[in-house]
Amino acid sequence: MKLTLKIWRQKNAQDKGRMVTYPIDGIDGDMSFLEMLDVLNDGLVSRGEEPVVFDHDCREGICGSCSLQINGEPHGPDRLITTCQLHMRKFSDGDTIVIEPFRAKAFPVIKDLMVDRSAFDRIQQAGGFISVNTSGNTIDANAIPIPKNDADHAFNAAACIGCGACVAACKNASAMLFTSAKVSQYALLPQGRVEATQRVLNMVAQMDEEGFGNCTNTGACEIECPKGISLENIARLNRELLSAQLKG
Ligand code: SF4
Ligand code: FES
């Protein structure tokens, strides 16, 4: 396939940035999207030009780092996959592909297509954990009976990989889907109930402090989420938050 790539290049957070056009040839439909970018970068390096910086690690849909806006959609045109799982067969010979970083005030650009998503880490640090008594009297987690339905919902919430596509898809750059997945993961389990009140208050306060926008129930986050995290989690977060505030 012959393609035209329009790629966002930006030296650092202060630079204004610009789109640069790169023609590319010899792309096979079986290549992954990131492999296609590797081919582009090999060519740039061999011509003495700076390669395009993009984030990636596992390349198998687990780490959440390969966050690219492709033709206006987080993780590109497919559903329920990350950018590293997207294959070039999804595109046609002669296509123009526009590749940008995830855009949100809370995700400043580090360079080119790589953004700083440490705001998510700080939301996690504000409450994404449980405290366990390790004095020798710890109850084995598997010895605590949990209704199957609750375990399934907690597991589904825990599937969030922190990629940030929900933020990039949202017109308000809201992090509610991410935060609600993290809150739900614990709220549904007895181990997480102990600190549930403080957890939701702290995580939501951190989310606001990081500069993410508010949720207006548009639902774009759920559509673009590669892990199928449901809006039900946002409803649960709102219930948890209201109950924590009333206790407050
Ligand atoms: S909720 Fe979905 S889109 Fe948002 S960070 Fe988690 S996995 Fe990514
Ligand atoms: S590189 Fe890890 S999810 Fe894509």
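Each reported figure results from applying straightforward, stated rules to the coordinates on display, with no laboratory input. This structure is a prediction, so every number in the text was calculated from the model and none was measured. Glycine gets a Cβ as well: all are built from the backbone with ideal geometry, and neighbour counts include every protein chain shown.
Things to note:
- Measuring against 24 Å, Cα to Cα, the residue pairs 6/90; 171/247; 90/171; 6/182 contain 171/247; 90/171; 6/182 as the ones spanning a longer distance.
- Relative intensity, log₁₀ I(q)/I(0), of segment 3-111 from a Debye sum that treats every alpha carbon as a point, q = 0.11, 0.18 Å⁻¹: -0.33, -0.93
- GNM result for the chain, Cα springs below 10 Å: residue of 178, 91, 102 fluctuating most strongly: 91
- Residue-count net charge about residue 156 - beta-carbon cut-off 14 Å; Lys, Arg +1, Asp, Glu -1: 0
- The local environment of residue 88, defined by Cβ-Cβ distances under 10 Å, has a net charge of -2 under the rule Lys, Arg +1 and Asp, Glu -1.
- Here the ratio of the Cα radius of gyration of the chain to 2.2 N^0.38 Å is 1.13.
- A dipole drawn for the chain from +1 and -1 charges on Cβ atoms has a positive end, and of 192, 71, 149 the residue lying farthest that way is 192.
- When the chain is described by a simple charge dipole with +1 on each Lys and Arg Cβ and -1 on each Asp and Glu Cβ, the residue from 99, 85, 230 located farthest towards its positive end is 230.
- Antiparallel %, DSSP beta bridges [both residues in the chain], to 5: 75 percent
- The chain - charge dipole about Cα centre, Lys and Arg +1 at Cβ, Asp and Glu -1, debye rounded to 20: 740 debye
- Dimensionless Rg/Rh of segment 117-247 - Kirkwood Rh, Rg from C-alpha atoms: 0.98
- Sequence-separation-based contact order of segment 117-247, relative, with Cα cut under 8 Å and 6+ spacing, percent: 33 percent
- Spherically averaged projected area of segment 184-248 from its Cα convex hull (nm²): 5.0 nm²
- Comparing 168, 157, 220 in a Gaussian network model of the chain (Cα springs below 10 Å), the most mobile by mean-square fluctuation is 220.
- Cα point-scatterer Debye curve for segment 69-193, base-10 log of I(q)/I(0) at q = 0.10, 0.22 Å⁻¹: -0.45, -1.28
- The residues packed around residue 17, meaning those with a beta-carbon under 9 Å from its beta-carbon, carry a net charge of +2 if Lys and Arg are +1 and Asp and Glu are -1.
- Of 193, 59, 47, the one that fluctuates the most in a GNM where the chain has Cα springs shorter than 10 Å: 47
- The sum of -39500 (n - 2.57) across all DSSP H runs of n ≥ 4, divided by the residue count of the chain, sets its helix-only mean residue ellipticity at 222 nm to -11000 deg cm²/dmol.
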